[in-house]
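Rule-based calculations on the coordinates, nothing more; no lab input. Bear in mind that the values here come from a model prediction, so they are computed numbers and not experimental data. FYI the Cβ positions are ideal-geometry reconstructions off the backbone, even for glycines, and counts take in every protein chain you see.
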Amino acid sequence: MAKIDQEEKNKIKELFSKNLKDEVNLLFFSQEEGCQYCEDTEEILAEVTALDERVNFEKHLLGSEKAEELGIDRAPAIIFLNNEGQDSGVHFYGIPSGYEFTSLIEDILDMSDKERIDLSEDIKKEIQELDSDVLLQVFITPTCPYCPRAVRVAHQMAMLNPRVRGEMVEAMEFEELSSSFNVSGVPKTVINSGADEQVGAVPAKTILKKVQDLAVAAS
C-alpha cells in the first residue's frame with residue numbers, strides 16, 4: 001500500500017519540477033531486525049525519489065562500512081549528501097511521517113538550491129561564520145505541528161555551514177536518547193549534547209545566539 005496518496009504525489013512532483021536545481025542524494029540506513037519503522041521509512045523514500053530522477057537514495061545497513069564511516073549507529077536514518085558526495089550534516093533519525101514529511105520535502109528543495117533557504121542574509125552570514133563544531137539534536141513527534149520549524153532551523157544551519165550537524169530525532173522511536181536529555185515536551189533542541197537547550201519552535205537567530213554564546217564561553 002502506498003505511503004503517499006496520489007494527490008500529494010502530484011503536488012510534490014510539481015514542486016520538484018519547478019524548483020529542483022542540483023541533484024539531491026540521500027543515504028538510508030536500516031537494520032534487518034528490531035526496527036519498527038525501517039520498512040515504512042524505506043517505502044516513503046522510494047515513493048519520493050520515484051517522483052523525480054534528480055532525487056535518489058542508496059540503502060545501507062547498520063554495521064556496514066558506510067555506517068561505520070559516517071558514525072551512524074541507529075536506524076532508521078536518512079543522511080543528506082552535499083554536492084561533493086559527503087555527509088552534509090542534515091540527518092533524520094526516525095520515520096519522516098506526519099508533519100515531519102514536510103521537513104523532508106522542504107529539505108530536498110533547499111539542498112537542491114540553497115538560494116531557497118528562507119533566512120535573512122545577515123543570519124546566513126553569521127551561520128556561515130561559525131568556526132567550531134555544533135550539534136543540534138531536535139527531538140520531535142510526528143503529530144507535533146510546531147516541530148518542523150525547529151527541524152528546519154537545524155537543517156538549514158547545517159546546509160550553510162559544514163561544521164554544523166542538525167539531527168531530527170523522533171522522540172518515541174529513540175526513547176533512551178530522549179530520556180537522557182529529559183525530553184518531556186517537543187520540539188526540544190539540544191545543543192552540543194546538552195551544553196544548552198531550547199524548548200519550542202523559535203527563530204534561527206535564537207538558536208544561533210545560543211550557539212555563539214557557547215563558542216564564546218569555550219574560548
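Long hydrophobic helices in the chain, taken as whole DSSP H segments with a C-alpha length of 15 Å or more on their own axis and mean Kyte-Doolittle hydropathy at least 0.0: 100-112, 147-160, 204-218.
In the list [x] 19.0, 60; [y] 16.5, 54; [z] 17.2, 54, the label attached to Rg and Dmax of the Cα atoms in Å as derived from the coordinates here is [y].
Placing unit charges on each Cβ (+1 for Lys and Arg, -1 for Asp and Glu) gives the chain a dipole about its Cα centre, and among 214, 185, 102 the Cα reaching farthest toward its positive end belongs to 214.
Subtracting the Cα-Cα distance of residue 172 and residue 213 from their residue separation scaled by 0.36 nm leaves 11.7 nm. As an exercise, use a Förster radius of 41 Å and the Cβ-Cβ distance of residue 36 and residue 11 to find the FRET efficiency, rounded to the nearest 0.05. The formula returns an efficiency of 0.90 here. Counting only GluC sites (Glu not before Pro) that sit in a DSSP loop (anything but H, G, I, E, B) with at most 15 other Cβ atoms within 10 Å, what is the longest stretch of the chain containing none of them? Counting at most 15 other Cβ atoms within 10 Å as exposed, the longest clean stretch of the chain is 130-219. For the residue pairs 114/188; 18/124; 59/124; 21/66, alpha carbon separations beyond 29 Å are given by 59/124. One decimal place: the segment residue 179-residue 115 gains 19.3 nm when fully extended, by the rule 0.36 nm per residue minus the C-alpha distance. In the chain, the DSSP-assigned H stretches of four residues or longer account for a calculated mean residue ellipticity at 222 nm of -12000 deg cm²/dmol, using -39500 (n - 2.57) per stretch and the full residue count as denominator. Mean separation of Cα pairs under 8 Å and 6 or more residues apart, divided by the residue count, gives segment 6-218 a relative contact order of 18 percent.
Placing a pseudo-label 7 Å from each Cα along the Cα-to-Cβ vector at residue 163 and residue 47 gives an inter-label distance of 4.1 nm.
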